Amino acid sequence: MSLEQFKDRNVGEQNYYQVDIADYPTTGWGKFKRAVDRTFKGELFVGLWVVMREMIKFDIHTVQYPKEKLPIGPRYRAVHEMLRLWESDTERCIGCGLCEKICISDCIRMDTRYDENSRKEVGEYSINLGRCIFCGYCAEVCPELAIVHGPRYENTSEQRAHYVTFEDMLTPIDVMKAGAQKEYPGFGAITPHEDERVQKTPLAY
Amino acid sequence: MFEAIAFYLFAFLTVAMFSITVLTSQALYALTSLAAGMIFISAFFFLLGADFLGAVQIIVYTGAVMALYAFGMMFFDTTRELKEKNSSSMIVFGLSGLAALMVVVIFVTPIASEHISAIYPMHENVGNTQEVGMILFTKYLVPFEVAAVMLLVAMISGIVLAGKKMDRSLTQMSEEEIQSMQESDKKAVL
Amino acid sequence: MDTAFIIETIIKIVVILLVFSALAGFGTYFERKVLAFMQRRLGPMHVGPYGLLQIAADGVKLFTKEDIVPAGVVGPIFKIAPVITAATAFMAAAAIPFLPEFTLFGYTVHPIVADINVGILYILGVMAIGLYGPLLGGMASNNKYSLISAARGAAVFISYEVVTGLSLLAPMMMVGSLSLIDFNNYQAGGIGEWIIWSQPVAFILFWIAAFAETGRTPFHLIANDHEIIDGFGTEYSGMRWGLFFIGEYANMFFISFVMAIIFLGGFGDGTVLGAFALLGKVAFFFFFFLWTRAAWPDVRPDQLMWLCWKVLMPIAVLNIVITGIVMMF
């Protein structure tokens, strides 16, 4: 069966039919017949057989969670990460403040200043994970692909308001040196085959 | 010696339980101690070697007291104490005490004067159940059957009284039908 | 009454208590495992190898939990109700022969506490008392769900008890005794002499009534989790709740023994093979209790009463009459 049928949300007459339900018996004889019918139909044994078959097949679907984990999607949106530039190993964040501005739950706070080279530098940067709804807008809006969502979904904290700071999120330098930083394919990231789709800016108008 | 200990233990327990039944003003205590007392009585049957009667005592009275519990649930908030109104408690206690005393005298007099004798002696190698059956279906056949007929009469009258509107189900009727039914009932009463 | 008899009886009682308390614990483990396998799950896995020590963990939890007696309950009755369930379950075991008699160090052991000649009546009566536990617990709890559970308990009890008694009458008439040992000896000749072949209707009826008696799934009305929370157990915590649990599972084992001995030949001629056969039959009945829980839906209380009074009781009476006619000629 193709998915076409399910994608068609146009509810109409097309695939619906009334389930055939027998009328409720009104006479005593009808009730008696129904009771006898149900008794000797053997439907109870069908149920018994189904569960017994599953037990014999022993086709267990349990994931023993702390020991085994299901793979999560590459676009999964968990705790944020800050990426570094591949070329210079410095952080990608330019302190533009777009993520702070777009954050709909007001959980990002950043504080920027000019460093000695008169470049903008991020001083304080923290995300209140107690407020964050992991919507992914910050990653989408980031022009430098600096703030992205990582795969770490297991968090515990002693407090409701649990903050992650810039240093916590930044890719560790040894990971970076090993070339093990992972790019994020989710919201705001460059999609595959992006280069082929790049077109010249039409300047004709 | 064991028998004596067991007898006095169960005698004390039975009397204590029935005293609670009479004296408490808490419906749940009364019912529970009644059930416990009935079960303790079966101990006397076991002590006397009448196993069958003992087991039957347990089965019959657990069911009977269970029905009483159902009534208790319907009529009282069983977790609260009841406010009783004993206007003339002395007369009630005096009369019931006198009745109890008379019952004791009636049963004890023949035993005390040693004029009681077992007409139907125990047969050897025959179980308790068979003994009861033999007596029940020979000497006491007529009382047994009469009791059975009486129970049947009680059952049928109970069904007739309770089953007047059994064919009508309030959950499956519409509001108007219920209303018209209630009105017709009123007319019937008037 | 000599001293050896008393000592032997006490030892038997202690052994039965210990074995079946432990079995009740293992029963919960089996139940969780079997239900899990039938539903494509694994069940308890983390405590011990394959979750075997889960029972110990549950026991520790039950014993160490605070014993809460809520405000507004009828204290003494609330406290005694779980004891009634557990105690009567084990009292019923007194008349059940668990194994054929065997010789241990030159001393013949009868694995039955008291072979009274009204064994079945005694077991039925004591198991009937066992239902006072849920009833009293439900009525004393000062909780509406518990009260509903108690009301259901009373209604269900009155319905199924009739079927239990009447369905057993026909086999009793055939054997001519109420002792379970006599039942066993009546069927000692082998599979061909089992009462199930001559009384299949009584067997089915008693089996259905056994489900109502132990409150297992098709008739799991008095503690139906999805309707009335835990019914009579709602206000209980810790070991008092655990006593209800032990009583329920011990009852399941004992009623399985009763069914196996009355209808399926028990331990047969008393050899070692017969003893294992009895345990196998009991295991099957216990497994069936779990099996139905995975497969079948619950019925409503009024459906159970309808079934017991209007269907099963007439069939049971007919069965008795037919048995009597056949035995007479």
Practice problem: May I ask you to verify whether C:Met174 is surrounded by fewer than 19 Cβ atoms within 10 Å (Cβ to Cβ) and either within 14 Å of chain B (Cβ to nearest Cβ) or of a type outside the set (Gly, Ala, Ser) (or both)? | Solution: yes
Practice problem: Being polar (S, T, N, Q), within 26 Å of B:Met38 (Cβ to Cβ), facing chain B (nearest Cβ under 10 Å) and over 14 Å from the mean Cα position of the chain (by Cα) narrows it down to one of C:Ser159, C:Ser141, so name that one. | Solution: C:Ser141
Exercise. May I ask you to list the residues in the range B:13-40 that are in contact with a Phe, Trp or Tyr (Cβ under 8 Å, 6 or more places away or on another chain), closer than 17 Å to C:Ile129 by Cβ, hydrophobic (A, V, I, L, M, F, W, C) and more than 8 Å from every other protein chain (Cβ to nearest Cβ)?
Key: B:Leu13, B:Met17, B:Leu31, B:Leu34, B:Met38, B:Phe40
Self-check item: Complete set of residues in the range B:17-58 that are more than 17 Å from the chain's Cα centre (by Cα) and without any contact (Cβ under 8 Å) to a residue 12 or more places away in the chain
Solution: B:Leu23, B:Thr24, B:Phe46, B:Leu48
Quiz prompt | Index of the failed condition, A:Pro185 passing every other in (1) more than 26 Å from A:Lys69 (Cα to Cα); (2) in a loop (DSSP other than H, G, I, E, B) | solution = (1)
Practice problem: For the range A:103-116, indicate whether the set of residues that are more than 14 Å from every other protein chain (Cβ to nearest Cβ), buried (at least 18 other Cβ atoms within 10 Å of the Cβ) and part of a loop (DSSP other than H, G, I, E, B) is non-empty. | Solution: yes
Practice problem: Go through (1) within 19 Å of the chain's Cα centre (by Cα); (2) within 14 Å of chain A (Cβ to nearest Cβ); (3) surrounded by fewer than 20 Cβ atoms within 10 Å (Cβ to Cβ); (4) of a type in the set (A, V, I, L, M) and name the single condition C:Leu279 misses. | Solution: (2)
Quiz item: When you go through (1) in a loop (DSSP other than H, G, I, E, B); (2) within 25 Å of C:Phe90 (Cβ to Cβ) one by one for C:Asn142, which number turns out not to apply?
Solution: (2)
Quiz item: Can you find even one residue in the range C:261-272 that is touching a Gly at 6+ places or on another chain (Cβ under 7 Å) and either more than 28 Å from C:Pro82 (Cα to Cα) or at pLDDT 90 or above (or both)?
Solution: yes
Quiz item: Does the range A:86-96 include one or more residues that are within 14 Å of another protein chain (Cβ to nearest Cβ), more than 28 Å from A:Asn155 (Cα to Cα), out of contact with any Ser or Thr (no Cβ under 6 Å at 6 or more places or on another chain) and among the small types (Gly, Ala, Ser)?
Solution: no
Quiz prompt | Those residues of the range A:113-129 which are in contact with a strand residue (DSSP E or B) (Cβ under 8 Å, 6 or more places away or on another chain) and farther than 30 Å from A:Glu158 by Cβ, in sequence order | solution = A:Arg113, A:Tyr114, A:Asp115, A:Lys120, A:Glu121
Quiz item: Would you pick out the residues in the range C:15-47 that are in contact (Cβ under 8 Å) with a residue 40 or more places away in the chain and within 14 Å of chain A (Cβ to nearest Cβ)?
Solution: C:Phe30, C:Glu31, C:Val34, C:Leu35, C:Met38, C:Gln39
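The values are calculated or read from the model by the stated rules, or taken from the named source; none is laboratory data. All figures in this text were calculated on a predicted structure; none of them were measured in a lab. Virtual Cβ from ideal backbone geometry, glycine too; neighbours counted across all protein chains shown.
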